[in-house]
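Here it is: the structure, laid out below.
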Amino acid sequence: MQQIQADKQAQLAEIARAIESDGVTPSLKAGATQLVFGVGNPDAELMFVGEAPGKKEDLSGEPFVGAAGKFLNEMLASIGLERPDIYISNIVKYRPKDNRDPTAEEIAEFVPYLNRQIDVIRPKLVVFLGRHALNVYFPDLKISQAHGEPVENNGQMYLPLFHPAAALYNPRLRQTLIEDFSLISAILKTIT
Ligand code: URA
């Protein structure tokens, strides 16, 4: 088990190095403090994919350490999980200036590396946090309709959820996100 984790960690480190050496999104890199690659258990059953690092993430080098991350931690605790149990990353791995949405071109540049990350981790379930992550793999789905329903592509199961930052200050979205989140344990049990 420990050997598998160490092997996966080494493969993930190689992907992080490739992002730097391939010169992905040079203008985002120039405005960012550092690469925010992803953290957590490389052998996790559950992998979360957000949009892009914000200010706190850019400074700390870890995804979801700000207000949205705190809310995510509360939801994880509600299903008996802690951050070290899961793996968490973003599509875009440098902070876009002023927290603007990443462009379609920036997302496209990062997708091959996200694919490689998922291939190494091989989670049972990839949870999309927000519409950007959903639309990377399912461009025709709308988060307002697809949230809370597991979807499959090429043998990989995905669960679209509203983004915790969008739900933070919107009581209706917040309630929906909490309800969708509570389905995760049951969904995991159905995946062999
Ligand atoms: N929002 C995201 O999508 N990712 C982060 O890491 C933080 C906030």
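The values are calculated or read from the model by the stated rules, or taken from the named source; none is laboratory data. Just so we're clear, the structure is a prediction, and the values are computed from it rather than from any experiment. Every residue, glycine among them, receives a Cβ derived from its backbone with ideal geometry; neighbour counts consider all protein chains shown.
Filter the stretch 115-150 down to the residues that are more than 16 Å from the ligand (Cβ to nearest atom) and not in a helix (DSSP H, G or I) and list them by number.
If the condition is that a residue be more than 16 Å from the ligand (Cβ to nearest atom) and not in a helix (DSSP H, G or I), then Arg122, Pro123, Lys124, Leu125, Phe138, Pro139, Asp140, Leu141, Lys142, Gly148, Glu149, Pro150 are the ones that fit.
If I filter the stretch 16-36 for residues that are within 23 Å of Leu188 (Cβ to Cβ) and either within 13 Å of the ligand (Cβ to nearest atom) or out of contact with any Gly (no Cβ under 6 Å at 6 or more places or on another chain) (or both), do I get at least one hit?
There is no residue in the stretch 16-36 that is within 23 Å of Leu188 (Cβ to Cβ) and either within 13 Å of the ligand (Cβ to nearest atom) or out of contact with any Gly (no Cβ under 6 Å at 6 or more places or on another chain) (or both).
Can you name the residue in the stretch 179-192 that is of a type in the set (Val, Ile, Thr) and over 15 Å from Pro160 (Cβ atoms) and, of all such residues, is modelled with the lowest pLDDT?
Restricting to residues being of a type in the set (Val, Ile, Thr) and over 15 Å from Pro160 (Cβ atoms), the top hit is Thr192.
Quick check on my filter: what residues within the stretch 15-30 are over 16 Å from Leu114 (Cβ atoms) and part of a helix (DSSP H, G or I)? Before you say what the answer is, go through the steps one by one.
If we filter the stretch 15-30 for residues that are over 16 Å from Leu114 (Cβ atoms), which is where we start, we get 21, 23, 26-27, 29-30.
The answer is Ser21, Pro26, Ser27, Lys29, Ala30.
Which count do you get for residues in the stretch 29-65 that are touching a helix residue (DSSP H, G or I) at 6+ places or on another chain (Cβ under 6 Å) and under 13 Å from Asn99 (Cα atoms)?
Residues meeting the conditions: 4.
Here's something else I'd like to know. In the stretch 68-104, what residues are farther than 22 Å from Ile19 by Cβ and either of a type in the set (Ser, Thr, Tyr) or in contact with a helix residue (DSSP H, G or I) (Cβ under 6 Å, 6 or more places away or on another chain) (or both)?
Hits for the stretch 68-104 are Ala68, Phe71, Leu72, Met75, Ser78, Ile79.
Please go through the stretch 132-170 and pick out each residue that is among the charged types (D, E, K, R) and under 13 Å from Leu183 (Cβ atoms). So that I can check it myself, show each step before the final result.
Within the stretch 132-170, the first condition is being among the charged types (D, E, K, R), and the residues that meet it are 140, 142, 149, 152.
Scanning the stretch 132-170 gives a single hit, Glu149.
Out of curiosity, is Val151 of a type in the set (A, V, I, L, M, F, W, C), under 15 Å from the mean Cα position of the chain (by Cα) and at pLDDT 95 or above? Break it down into steps so the answer makes sense when it comes.
Working: of a type in the set (A, V, I, L, M, F, W, C): yes; under 15 Å from the mean Cα position of the chain (by Cα): no; at pLDDT 95 or above: yes.
Spelling it out, it is not the case that Val151 is of a type in the set (A, V, I, L, M, F, W, C), under 15 Å from the mean Cα position of the chain (by Cα) and at pLDDT 95 or above.
State the number of residues belonging to the stretch 62-110 that are among the hydrophobic types (A, V, I, L, M, F, W, C), part of a helix (DSSP H, G or I) and within 12 Å of the chain's Cα centre (by Cα). Walk me through how you get there before you give the answer.
Residues of the stretch 62-110 that are among the hydrophobic types (A, V, I, L, M, F, W, C), as a first pass: 64-65, 67-68, 71-72, 75-77, 79, 81, 86, 88, 91-92, 104, 107-108, 110.
If we keep only those that are part of a helix (DSSP H, G or I) too, we end up with 67-68, 71-72, 75-77, 104, 107-108, 110.
From the residues that got through so far, the ones that are within 12 Å of the chain's Cα centre (by Cα) too are 72.
Final tally of qualifying residues: 1.
Give me the pairs: first residue in the stretch 62-78 and of a type in the set (S, T, N, Q), second residue at pLDDT 95 or above, beta-carbon distance under 8 Å, and six or more apart or on different chains, which are they?
Asn73/Glu82; Asn73/Arg83; Ser78/Ile178; Ser78/Phe181; Ser78/Ser182
Let me ask something else about it. Taking Glu62, is it at pLDDT 95 or above, under 23 Å from Phe138 (Cα atoms), surrounded by 13 or more Cβ atoms within 10 Å (Cβ to Cβ) and of a type in the set (D, E, K, R)?
No.
Which one of Ile184, Ile86, Ile107 is among the aliphatic types (A, V, I, L, M), closer than 30 Å to Ser27 by Cβ and surrounded by 17 or more Cβ atoms within 10 Å (Cβ to Cβ)?
Ile107 is the lone residue from the list that is among the aliphatic types (A, V, I, L, M), closer than 30 Å to Ser27 by Cβ and surrounded by 17 or more Cβ atoms within 10 Å (Cβ to Cβ).
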